[in-house]
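Participant: Structure incoming, see below.
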């Protein structure tokens with residue numbers, strides 16, 4: 001059970017949702033791995049570059065296994081950051097690291113970088129990496145006036161490449177929104193894409209690890225995402 005998580009734009013809360021799903025599945029008895037192929041904009045501490053996304057996932061649940069292949073201090077697209085720091089990203093390393101984590105985990109969540117066409121190297125973009133590791137895709141999007149078209153374009157592009165889209169999660173959703181486009185966004189996505197909206201998550205402020213798990217359990221359909229029945233869900 002492996003999942004590649006992408007966002008419609010930066011700032012959609014992809015890491016937040018990914019960490020929540022990872023911690024929730026871990027709490028339900030599954031061994032979960034979190035894989036970050038490339039981290040850009042990393043911060044340096046004691047002369048060591050830290051992946052802020054990995055640190056956040058570990059903060060939510062230390063039991064989740066984590067792996068990151070390349071960490072760059074430069075805040076830029078992976079290809080540009082790797083060129084600036086003279087450390088080329090090798091596609092075979094990305095695939096190898098993913099497969100290593102998959103061997104020790106029942107579920108692997110791969111958090112992508114930017115969009116579907118983001119280049120890792122001159123020879124591989126995100127869409128091609130997803131094909132190589134053969135995962136389905138979960139889309140995280142923040143509702144806005146024109147987000148419907150962007151989501152539909154992403155879904156159609158993934159389908160064109162034969163990649164399964166297991167669902168869309170709308171994060172930072174305002175149930176009392178006055179914008180009719182946003183109010184009707186979930187039904188419009190499902191109508192025109194035939195892909196389920198598996199989660200509608202309201203805007204979250206400061207939240208504890210247990211609070212994040214509770215949010216996932218009550219706002220996200222994880223059984224549909226992973227296409228399986230989860231026995232322990234009956235206890236919640």
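Participant: For the range 6-18, indicate whether the set of residues that are assigned to a strand (DSSP E or B) and closer than 24 Å to residue 131 by Cβ is non-empty.
Facilitator: Yes, there is a match, as at least one residue in the range 6-18 is assigned to a strand (DSSP E or B) and closer than 24 Å to residue 131 by Cβ.
Participant: Something else now. Please go through the range 59-73 and give me each residue that is farther than 23 Å from residue 27 by Cβ and outside any strand (DSSP E or B), ordered by number.
Facilitator: Of everything in the range 59-73, those that are farther than 23 Å from residue 27 by Cβ and outside any strand (DSSP E or B) turn out to be 72, 73.
Participant: Ok, one more. Starting from the range 165-194, take each residue that is at negative phi and surrounded by fewer than 18 Cβ atoms within 10 Å (Cβ to Cβ) and list its partners that are outside any strand (DSSP E or B) and modelled with pLDDT of 95 or more, counting only C-beta distances under 7 angstrom and pairs at least six apart or across chains.
Facilitator: From residues that are at negative phi and surrounded by fewer than 18 Cβ atoms within 10 Å (Cβ to Cβ), the pairs are 190/196; 192/152.
Participant: Now, a different point. Being surrounded by fewer than 18 Cβ atoms within 10 Å (Cβ to Cβ), without any contact (Cβ under 8 Å) to a residue 24 or more places away in the chain and assigned to a loop (DSSP other than H, G, I, E, B) is the requirement here; does residue 162 meet it? Give the steps one after another, and end with the answer.
Facilitator: Values: surrounded by fewer than 18 Cβ atoms within 10 Å (Cβ to Cβ): yes; without any contact (Cβ under 8 Å) to a residue 24 or more places away in the chain: no; assigned to a loop (DSSP other than H, G, I, E, B): yes.
Considered against the rule, which asks whether it is surrounded by fewer than 18 Cβ atoms within 10 Å (Cβ to Cβ), without any contact (Cβ under 8 Å) to a residue 24 or more places away in the chain and assigned to a loop (DSSP other than H, G, I, E, B), residue 162 comes out as no.
Participant: Let me ask something else about it. Filtering the range 135-146 down to residues that are touching a residue at least 60 places away in the same chain (Cβ under 8 Å) and surrounded by fewer than 21 Cβ atoms within 10 Å (Cβ to Cβ), which residue is farthest from the chain's Cα centre (by Cα)?
Facilitator: 142
The values are calculated or read from the model by the stated rules, or taken from the named source; none is laboratory data. All values derive from a computational prediction rather than experimental measurement. FYI the Cβ positions are ideal-geometry reconstructions off the backbone, even for glycines, and counts take in every protein chain you see.
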